[in-house]
Amino acid sequence: MKPFEPLDSVAVPIMRANVDTDQILPARYLQKPRSDDFGAYLFRDLRFRKDGSEVPDFVLNQEPYRHGRILVAERNFGCGSSREHAVWALYDYGFRAVIAPSFGDIFHSNALKNGLLPIVLPDATVAALLKTISARPGSRVKVDLATQTVVAPDGTTHSFTIDPFAKHCLMHGLDELDYTLTEMQRIIEFERRYAGEVATGPRSDR
Amino acid sequence: MSDTNAPQTLFEKIWSRHRIMERPDGQVLLYIDTHLVQDGSAPAFEMLRRRGIAPRAPHRTFATPDHYVPTDSRDLNTIADAEKRRMAQALMQDSARAGIRFFGLDDPRQGILHVVGPEQGLSWPGTTIVCGDSHTSTHGAVGALAFGIGATEVSHVLATQTLWQRKPKTMRIVVDGRLKTGVSAKDVILSIIGKIGTAGAVGHVIEYAGPAVTSLTMEGRLTLCNMSIEAGARAGMIAPDDVTFEYLAGRPFAPAGRDWDEAVAYWRTLPTDPGARFDREVTLNADEIAPMVTWGTSPEDVVPITGRVPDPNAATDAERRDVIERTLSYMGLKPGIPMTDVPIDHVFIGSCTNGRIEDLRSAAAVVKGRKVAAGVEAWVVPGSGLVKAQAEAEGLDRIFKDAGFQWRHAGCSMCLGTNGDIVAPGKRCASTTNRNFVGRQGPGSRTHLLSPMMAAAAAVTGRLTDVRRLMEGAA
């Protein structure tokens with residue numbers, strides 16, 4: 001994972017609630033290897049017609065939204081399937097942050113593990129932001145993880161919260177597993193104690 | 001430390017038992033008892049290989065292919081797409097390399113993981129169960145904490161048998177009363193989602209309770225917990241009781257002998273203590289639940305079969321009106337028409353939601369002596385090889401086949417179409433699955449979620465139908 005850098009980018013509005021991960025990354029691309037550019041599959045069925053031509057109405061097919069790195073969406077973005085490929089698609093396309101009033105739980109945690117910052121802001125703030133960036137295409141939004149702030153096109157600053165550890169990992173491009181591996185002794189001790197308890201789940205070696 | 005005498009919820013009891021340590025930011029490292037892996041797990045195994053780490057607890061890991069397997073043959077070589085074929089093969093190879101128990105296509109135990117887990121007795125009360133699939137919530141029906149995870153988390157569990165989690169909030173959904181004839185667990189969960197919305201339980205673990213829940217069979221409970229994720233909850237659970245113990249007793253991987261007695265004694269301590277507090281409580285009355293069917297592209301777009309397609313002009317605000325208009329345009333539905341006027345092209349009975357033996361029995365009871373309507377393509381895809389064998393032993397396959405259904409092999413199949421079983425663009429499917437998202441069953445597909453009984457009724461009439469009318473013989 002690459003360290004998260006401050007963003008100053010065109011913001012892209014997705015004007016619909018409950019955008020599920022099937023729409024972000026249709027299931028027929030799930031078998032593609034991670035080495036593929038998943039950005040090509042992002043919002044595939046919203047972005048492209050069956051013959052591969054662009055759907056002109058879709059926001060990512062319009063200038064200057066095409067080059068956005070910040071997505072602004074409505075409630076419950078990324079609900080549904082646990083496919084991490086949805087995050088890969090957004091990341092590979094170039095997105096580094098998604099701002100929404102709420103996220104699907106699994107999408108939220110997948111995003112943090114892949115360098116995509118999910119930012120929760122209040123409903124009214126997101127609604128105002130969506131209005132601005134739709135009315136004035138090309139409006140820029142700034143995201144700074146260090147100070148945990150979003151600066152809207154009108155200059156207003158909005159703070160957001162994030163788990164300090166997730167922030168640390170994002171800022172430094174660290175992997176959670178590396179940290180866990182430094183705590184293996186704790187895991188081994190737990191397992192030793194746990195082995196004496198009843199009904200600890202099925203095992204294939206007994 | 002918390003007061004150990006304070007009343008605790010089922011969730012809290014499981015959470016605290018599996019808590020290894022807490023990070024300064026409040027995230028807890030949880031021990032994972034059981035890890036189920038499916039044939040979408042190749043990226044996670046690859047992440048591990050790149051780091052030179054071997055799976056830590058292969059004896060706590062169980063694998064079966066479900067997403068990419070063909071349902072018209074039991075031969076992986078018949079998968080035309082090389083990449084899809086590789087996904088199914090990779091699971092076999094990764095499992096063999098790591099010493100993970102694997103149920104392949106030549107094994108009758110193969111099937112959809114969330115059907116296989118309970119069926120094999122892999123899903124135990126009081127345990128933590130994860131899988132790289134959002135419908136892992138299913139296993140909560142036995143009183144486990146079970147939830148879906150992403151690929152990076154799968155690799156974390158493979159490497160350490162643990163997972164970092166922030167303690168979720170708790171929500172209790174009490175369903176009072178009694179389910180009426182023609183109404184099933186599927187209708188209960190669709191009603192719940194209709195009431196609280198698809199984001200209703202985000203950040204929460206749901207505990208389902210109340211007389212209409214405890215009177216469900218284990219299979220009904222599995223259906224209920226399965227769609228917790230469609231209500232936004234990562235996990236849903238039901239307190240273990242005699243129904244649970246009777247279901248698990250004697251299953252291949254369930255505890256046996258003295259271990260069984262000890263396990264049951266422990267499991268009886270798990271139900272939520274009287275007076276334990278939930279962050280949120282929701283109540284429904286089962287007497288008021290009718291057979292449900294979705295009209296739109298989110299599971300929350302749901303009405304009783306006696307209802308109508310919504311009219312955008314009746315919407316309270318412009319934004320909502322636009323959403324309904326867009327949805328009806330995708331779904332090809334006229335505003336305000338009765339749901340029972342909607343003709344269908346496909347019927348799909350199966351999936352981790354409704355691919356179990358009781359589901360097939362309830363559908364077969366409706367189909368028996370009737371024919372699939374002209375022009376309708378109807379499929380039954382049992383949830384596992386063992387469900388298929390059981391159904392065949394009971395003669396259910398004959399009922400379906402005589403009526404004109406296709407009787408296929410176990411897999412996820414048309415629920416999401418990863419194996420190529422899809423609904424053609426613009427076609428309409430009455431489906432016992434869990435998601436009616438845009439393009440879920442194939443690009444341009446139109447899905448109506450409903451129960452197996454309701455799917456059977458749609459198959460024989462060729463339109464969405466109130467199954468209760470067929471039961472009265474009033475068709």
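Some points to look at:
- Relative to the longest principal axis of the Cα atoms of chain B, the long axis of helix B:318-331 lies at roughly 80 degrees.
- To the nearest ten degrees, helix A:184-194 and the longest principal axis of the Cα atoms of chain A are 60 degrees apart.
- Set of lysines with alpha-carbon distance to residue A:113 below 19 Å, sequence-local pairs under 8 removed: A:2, A:167, B:167
- Residue-by-residue Karplus 3J(HN,Hα) for the stretch B:424-441, coefficients 6.51, -1.76, 1.60, Hz, glycine and proline x: 5, x, x, 7, 10, 10, 8, 10, 8, 7, 10, 9, 10, 4, 3, x, 4, 8
- Ellipsoid equivalent to the stretch B:1-146 - semi-axes via the Cα gyration tensor, in Å: 32, 18, 11
- For the stretch A:1-144, size of Cβ-based charge dipole, Lys and Arg +1, Asp and Glu -1, in debye: 100 debye
- Normalised convex hull volume, the stretch B:248-369, alpha-carbon set, Å³ per residue: 223 Å³
- Scaled against 2.2 N^0.38 Å for its residue count N, the alpha carbon radius of gyration of chain A is 1.17.
- Cα centroid separation, the stretch B:313-365 to the stretch A:148-167 (Å): 40 Å
- Tensor-based shape of the stretch B:96-160 (alpha-carbon gyration tensor, a/c under 1.5 rounded, otherwise prolate or oblate): oblate
- Both radii are taken from the alpha-carbon atoms of chain B; with Rh as the Kirkwood radius, Rg/Rh is 0.96.
- The alpha carbon gyration tensor of the protein assembly as shown gives principal lengths a ≥ b ≥ c with a/c below 1.5, which makes the shape rounded.
- Per residue, the Cα convex hull of the stretch B:408-461 amounts to 82 Å³.
- Quarter the surface of the alpha carbon convex hull of the stretch A:130-181 and you get the mean projected area, 4.5 square nanometres.
- The stretch B:1-75: projected area of the alpha-carbon convex hull, averaged over directions, in nm²: 8.6 nm²
- Positive minus negative residues near residue B:245 (Lys, Arg vs Asp, Glu; Cβ under 14 Å): -3
- Average projected area [Cα convex hull, the stretch A:10-96], square nanometres: 5.4 nm²
- Of all DSSP bridge pairs formed entirely within the protein assembly as shown, close to 30 percent run antiparallel.
- Kirkwood-Stokes translational diffusion coefficient of the stretch B:207-252, alpha-carbon pairs, 25 °C, 0.890 mPa s, µm²/s: 218 µm²/s
- Charge tally in the Cβ shell below 14 Å around residue A:7, where Lys, Arg are +1 and Asp, Glu are -1, residue A:7 excluded: +2
- Likely footprinting exposure, B:68, A:194, fewest C-beta neighbours within 10 Å first: A:194, B:68
- Secondary structure note: in the stretch B:340-475, about 5% of the DSSP beta bridges are antiparallel.
- At q = 0.23, 0.24 Å⁻¹, base-10 log of I(q)/I(0) for the stretch B:322-362 (Debye sum, equal scatterers on each alpha carbon): -0.82, -0.83
- Cα gyration tensor category, rounded, prolate or oblate, for the stretch B:279-324 with a/c compared to 1.5: oblate
- Cα centroid separation - the stretch B:186-227 against the stretch B:65-92, whole Å: 32 Å
- Built amide H within the under 5 Å cut-off of residue B:37, gap 5+: B:62, B:63, B:64
- For the stretch B:70-198, the spread of Cα coordinates along the three principal axes comes to 50, 38, 27 Å, biggest extent given first.
- Whole-percent pair-distance distribution, where bins are 10 Å wide, for the alpha carbons of the stretch B:322-475: 12, 43, 34, 10, 1, 0
Computed from the coordinates by the stated procedures, all read-outs in this text should not be read as laboratory data. A quick note: this is a predicted structure, and the numbers were derived from the prediction, not measured. Because the Cβ atoms are built from the backbone with ideal geometry, glycine has one as well, and the counts that use them run over all protein chains shown.
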